[in-house]
Structure formats: structure tokens, C-alpha cells
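The values are calculated or read from the model by the stated rules, or taken from the named source; none is laboratory data. Since the model is a prediction, treat every value here as computed from it, not as a measurement. We place every Cβ from the backbone using ideal geometry, glycine too, and count neighbours over all the protein chains shown.
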Amino acid sequence: MNILVTGGAGYIGTHTCVALLKAGHQVVVVDDFSNSCPEAMQRVETICQQSIPFYQGDVGDKALLEKIFSENHFDGVIHFAGAKAVGESVAKPLYYYRNNVTASQTLLEVMATFDVSSLVFSSSATVYGDPHAVPILEDFPLAPTNPYGRSKLMVEQIMQDQAQADKRFNGIILRYFNPVGAHESGLIGEDPNGIPNNLMPFISQVAVGKRAQLTIFGNDYPTRDGTGVRDYIHVCDLAEGHVQALEKLHDQQGCHVLNLGTGNGVSVLEMVAAYADASHQPIPYVFAERRPGDVAQCYADASQAKQILGWQATRGLPEMVADSWHWQSGNPNG
Ligand code: NAD
Ligand code: UDP
């Protein structure tokens, strides 16, 4: 298949381009480099030993999308492009609704004009808000607590409505849990701007000596060691989940929703211990107050993805931290 990958220069996008090419598909990428750089695409080309057609620009730019769709024939689109920082979304909600919601609507309009009916969308476990129980099933109530999460849920709803209206439309909504790790080559990985918000890149930067210590937000949660529990998933497993979703569901009309997680919860302290083991570096930490908006535990019931796609995560925590360290130590400045 020939797949348009929006946001293909980003963290999950680069790994998915590698997985798609490895599986024998072709990709065309559009990215505005608002949270990535041209070097990332060059590295994907190095890993895959082939050049990748690329368009630089904003997915919300309808004229650009029409140009891309008129110059290529696509069998489907994987839509990663979007902004993803929860705190920033609270400060700049209008930017999040434009970049994440309006741009997705523009993409759907251009897809309809050019008769491309298969869309895989990057949603997030954030749409569940504070879950009433774990593990989280796809039919749990949806109650995001910030503009980022609401922007994801709005696009999910737009896709559901489009599937009702257009019987050819095939939508796949993938709700990711916590993607971590990097490609085994060490050439691509997560490269956040500024001070990382997320746990794994923060720990990596402590291990490599860029930051003095980790602040652990809360040690009084009702979890096995008092720290927050999340479902960390290796980014290469996640990337392979996209390929399998496309291959399995490409010609099935409707809108399918799947959790992509491992089904295992890992606490902050367990992650710190695993990272120290893999990197042979000390990870100093201090405990602080809980971070506003955080939930105690969040992990997936990943059985639907296994049942429907035959997909399940195969890489465990040791591989996630080892690959993250390989990337971070080889690229201390991203
Ligand atoms: P990322 O920021 O590394 O990648 C997103 C890419 O999209 C970047 O290369 C950025 O430059 C590009 N981009 C942003 N807005 C654009 C626009 N309007 N037009 C063109 N390009 C644009 O993020 P990621 O971690 O790879 O996440 C990919 C998707 O997965 C995002 O939609 C994100 O919300 C979603 N997601 C990520 C996580 C996570 O923890 N990483 C979890 C759940 C969902
Ligand atoms: N966390 C932490 N220190 C940090 C960043 C995160 O203790 O500097 C904790 C956070 O409170 C949560 C877990 O690590 O319990 C995962 O946080 P992250 O931001 O990576 O993912 P999310 O909360 O979005 O699932």
C-alpha cells in the first residue's frame, strides 16, 4: 500500500515509517517540523536505505493537502500530526483545537475529495480521563480532563460521524498508552524540546547527565509502592500495531477503536530501577507533591487488539529502557 504519513518526522511517525517500509509498503510524509527536524527523516532513510517523498508544511493547509493528494495515489493515511503537550493545551486551547481538530477535519475533507477512505488516527488513553477501574477497556466512559484530550476525543467523534455518513469510510482509532523506547539502531528516538514533561525522557536526561535529578510526583498513591502506575509500550511495538491495523482493517467499513498498550502497569520507581540497571548510571530522585491532573493508575486491557489484529506487544521493560538508553547516550542532544 502507499500510505500518507502526517507528522511522519516525529517520534512515533519515524518509527512507523520504518515499520511500514520494512513490511513492504511505501510512504509519503508531510510534516511542518513544528516538533521535529529534517535530520529525523534523513535517519529513517538511512535505516531503510531508501529515499522517502516528503512535503514540508501544515496539515491544516488545504491547498497543500490537495497538491499532495493530486501528485500521489494513496491507499490510506496515518495521521500523527498534532500537538501533544497537556500543559500547553491548557495555556493555548485555541491552538490545540485548530492544529488537532480543524486540521484533521481538513484532512478528512481532502481525503473524501480524492476518494481515499482509510484513515488511522493517533488517539490517546487521555480520552478516558480518570478511569473508574483498571485495566481500561475500549468501552469505558470517555471523559478527558484537558483541551489536548478533548481535541483527541473530538476527532474520534468526527470520524465516527463520517463513518455513519459515508459507507466507504474506514476509520481506525488507536488509543495509545505510554510510548517509550527507540529503534534498535539508536538512530531515531524521542527528542522533546526543552524540559521533558514525560517520565522516560526526563529519566534519560538524568542518566546522560543533562539534568541533576528526577522529581517523582507523588509517593502516596494507592499503588504497590505509592508512585503512579502507567502502561509503557515500546514505540516499535506501537509502530507495528499501526501496520497490522492498516493491513487487517484497510477494507472494512466503519470506525474501529483499539487500545494499544501492553496490559502491564509499571510504577515510577520500577521504571527508575529498570533504567538505572540498563544504563549503569545513578538516577537520583526526590519526591514531590502529586502533579495536578495525574491519575494513580492507567493501563490497558489490550485484548481487543490481540483478538482483532492478532497484535500484541512483544518487547518488555528491559528492552524499552535499553533502547531508550542506546538512543539517548548516542544522541545526548537529541
Ligand atoms: P511528535 O510531536 O514527536 O510528532 C508529531 C509530528 O507532527 C511532529 O513531527 C510535528 O512536527 C508534526 N506536526 C505537528 N503539527 C503539525 C501540522 N499541523 N502539520 C504538519 N505536521 C505537524 O509526537 P508523537 O509522540 O510522535 O505523537 C504522534 C501522535 O500521537 C500525536 O498526534 C500525539 O498526540 C499522539 N499520541 C502521542 C503519545 C505520546 O506519548 N507520544 C501518546 C498518545 C497519543
Ligand atoms: N512523572 C514523574 N516525574 C516526571 C514526569 C512524570 O514522577 O518528571 C510521573 C507521573 O506523575 C506519572 C508517570 O510518571 O505517574 C508518567 O507520567 P508521564 O507524563 O510520562 O505520562 P502520563 O502521565 O501522561 O501518562
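Among the numbered conditions (1) over 15 Å from Gln162 (Cβ atoms); (2) surrounded by fewer than 18 Cβ atoms within 10 Å (Cβ to Cβ); (3) at pLDDT 95 or above, the only one that Asn100 does not meet is (2). Contact map, the stretch 175-186: first residue in contact (Cβ under 8 Å) with a residue 40 or more places away in the chain, second residue among the hydrophobic types (A, V, I, L, M, F, W, C) and more than 16 Å from ligand 2 (Cβ to nearest atom), Cβ cut-off under 6 Å, separation 6 or more or different chains; pairs are Ala182/Trp327; Ser185/Ile47; Gly186/Trp327. Just one of the listed residues (Gln252, Gln213) is touching a strand residue (DSSP E or B) at 6+ places or on another chain (Cβ under 8 Å) and farther than 30 Å from Asn331 by Cα, namely Gln252. Counting residues in the stretch 38-48 that are surrounded by fewer than 21 Cβ atoms within 10 Å (Cβ to Cβ), closer than 25 Å to Tyr96 by Cα and more than 16 Å from ligand 2 (Cβ to nearest atom) gives one or more. All of (1) outside any strand (DSSP E or B); (2) away from ligand 1 (no atom under 15 Å from the Cβ) hold for His256 with one exception: (1). Scan the stretch 1-43 for residues that are more than 16 Å from Phe121 (Cβ to Cβ), assigned to a strand (DSSP E or B) and touching a Phe, Trp or Tyr at 6+ places or on another chain (Cβ under 7 Å) and jot them down. Once the filter is applied, which keeps residues that are more than 16 Å from Phe121 (Cβ to Cβ), assigned to a strand (DSSP E or B) and touching a Phe, Trp or Tyr at 6+ places or on another chain (Cβ under 7 Å), the stretch 1-43 yields Asn2, Val29.
Residue pairs whose Cβ atoms lie under 9 Å apart, sitting 6 or more positions apart in sequence or on different chains, and linking a residue in the stretch 151-170 that is more than 19 Å from Ala103 (Cβ to Cβ) to a partner that is in a helix (DSSP H, G or I), are Asp166/Ala112; Asn170/Ala163; Asn170/Leu249. Would you confirm whether or not the stretch 235-243 contains a residue that is on the phi < 0 side of the Ramachandran plot, assigned to a loop (DSSP other than H, G, I, E, B) and at pLDDT 95 or above? No: zero hits. For the stretch 66-75, does any single residue satisfy the condition of being within 16 Å of ligand 2 (Cβ to nearest atom) and touching a helix residue (DSSP H, G or I) at 6+ places or on another chain (Cβ under 6 Å)? No, that holds for no residue. Every test in (1) closer than 23 Å to Val243 by Cβ; (2) crowded, with 23+ Cβ neighbours inside 10 Å; (3) in contact with an Asp or Glu (Cβ under 8 Å, 6 or more places away or on another chain) is passed by Gly82 save one, and that test is (3).
Applying the condition of being polar (S, T, N, Q) and closer than 20 Å to Ser185 by Cβ to the stretch 1-56 and asking which residue is farthest from ligand 1 (Cβ to nearest atom) yields Gln49. Assessment of the stretch 89-107 against the conditions (farther than 30 Å from His326 by Cβ, touching a Phe, Trp or Tyr at 6+ places or on another chain (Cβ under 7 Å) and either free of Cβ contacts under 8 Å to residues at least 60 places away in the same chain or not in a loop (DSSP other than H, G, I, E, B) (or both)) yields at least one matching residue. Applying the criterion of being aliphatic (A, V, I, L, M), within 16 Å of ligand 2 (Cβ to nearest atom) and in a helix (DSSP H, G or I) to the residues of the stretch 125-165, the residue that is farthest from Gly293 (Cα to Cα) is Leu153. Taking Gln304 as the residue in question, decide whether it is outside any strand (DSSP E or B) and either touching a strand residue (DSSP E or B) at 6+ places or on another chain (Cβ under 6 Å) or within 18 Å of Pro179 (Cα to Cα) (or both). Yes: the conditions hold for Gln304. Considering the conditions (1) within 16 Å of ligand 1 (Cβ to nearest atom); (2) more than 16 Å from Tyr299 (Cα to Cα), Leu214 is excluded by exactly one of them, (1).
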